[in-house]
Amino acid sequence: MYLFNAVSSYVSVIRAKISGEKIVSPSNSSSPYMKMIQYEIKMIKVRRSSGFLMFKGFDKAKDIQYVYTPVFSSLCGVKLDSNNKAGYLISGSMWNDGRISIGQCDLVEPWDNLSMSQKKNLNYRYQMGCECRINTCYTVPCASTGENECLWTDWLLDNSLNGEQARQYACIRRTDTTCSWYRGGPPPRERLPGLE
């Protein structure tokens with residue numbers, strides 16, 4: 001649930017509203033292919049009893065004001081709605097200078113499109129799976145390569161990467177240090193392999 005850049009080194013996940021956009025160019029380039037859309041964002045902080053929750057990456061950058069994406073979709077650029085101050089869940093790569101880049105390979109989803117289970121998992125469960133690896137199954141056979149892995153089978157069952165498993169489950173590390181899927185919402189339409 002990443003525009004990788006040679007200078008990016010860290011993944012951040014935030015909830016934000018888009019409040020503006022403009023086209024920017026690197027100071028050392030006049031090429032139209034180097035232009036980026038700079039989205040101005042306002043991060044939404046989730047209040048919890050232990051303080052504020054900002055998902056992932058905020059030990060590296062606490063006050064993100066902008067995210068960047070290529071102007072062209074052919075270069076993995078994404079278009080966000082800045083007119084209606086829409087809220088998004090945004091994952092992106094952090095460059096060494098602290099800027100966040102987003103692209104088509106990142107999770108950039110309107111907040112209102114997330115399932116109730118996904119919203120709950122963001123606040124409480126996904127951090128329990130940071131040591132786990134998710135292996136996407138595109139074809140059969142598909143097998144786990146280790147105990148710290150969850151097999152993601154949405155593509156096999158739904159021909160989609162946004163199926164029931166993505167919308168209703170979280171891959172978490174259990175007390176015995178193995179990783180497995182945890183259902184945080186209503187049961188899926190179909191039985192998923194290995195999810196008892």
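The values are calculated or read from the model by the stated rules, or taken from the named source; none is laboratory data. Note that the structure is a prediction, hence the values are computed from the model and not measured. All Cβ positions, glycine included, derive from the backbone under ideal geometry; neighbour counts span all protein chains shown. All accessible areas refer to the heavy atoms of the entire protein, side chains included, with ligands and DNA or RNA removed. Shrake-Rupley method; radii C 1.70, N 1.55, O 1.52, S 1.80 Å.
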Legend entry - Exposure rank, largest accessible area first [Asp154, Asp81, Asp63, Asp176; 1.4 Å]: Asp63, Asp176, Asp81, Asp154
Legend entry - By accessible area with a 1.4 Å probe, ligands and nucleic acids excluded, highest first: order of Arg15, Arg99: Arg99, Arg15
Legend entry - Phi to ³J(HN,Hα) by Karplus 6.51 cos²θ - 1.76 cosθ + 1.60 over region 16-21, Hz, x for Gly, Pro: 8, 9, 8, 10, x, 8
Inset, instruction - Take the Cβ-Cβ distance between Thr145 and Ala86 as r, set R0 to 35 Å, and report the resulting FRET efficiency rounded to the nearest 0.05. - result: 0.35
Legend entry - Accessible surface of Lys17 - all protein chains present, 1.4 Å probe, nearest 10 Å²: 90
Inset, instruction - Tell me the chymotrypsin sites (Phe, Trp or Tyr not before Pro) within region 68-175 that lie in a loop according to DSSP and have at most 13 other beta-carbon atoms within 10 Å. - result: Phe72, Tyr138
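Kindly flag which residue pairs out of Lys22/Lys79; Lys79/Lys120; Lys22/Lys119; Lys35/Lys79; Lys22/Lys42; Lys42/Lys120 have an alpha-carbon separation exceeding 18 Å in this structure.
Values: Lys22/Lys79 12 Å; Lys79/Lys120 26 Å; Lys22/Lys119 30 Å; Lys35/Lys79 14 Å; Lys22/Lys42 15 Å; Lys42/Lys120 21 Å.
Lys79/Lys120; Lys22/Lys119; Lys42/Lys120, as the Cα separations exceed 18 Å there.
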Legend entry - Long-range amide H partners of Arg133 with built H, under 5 Å: Glu149, Cys150
Inset, instruction - Using only Cα atoms, locate the centre of region 139-161 and the centre of region 76-138, then give the distance between them in Å, rounded to an integer. - result: 20
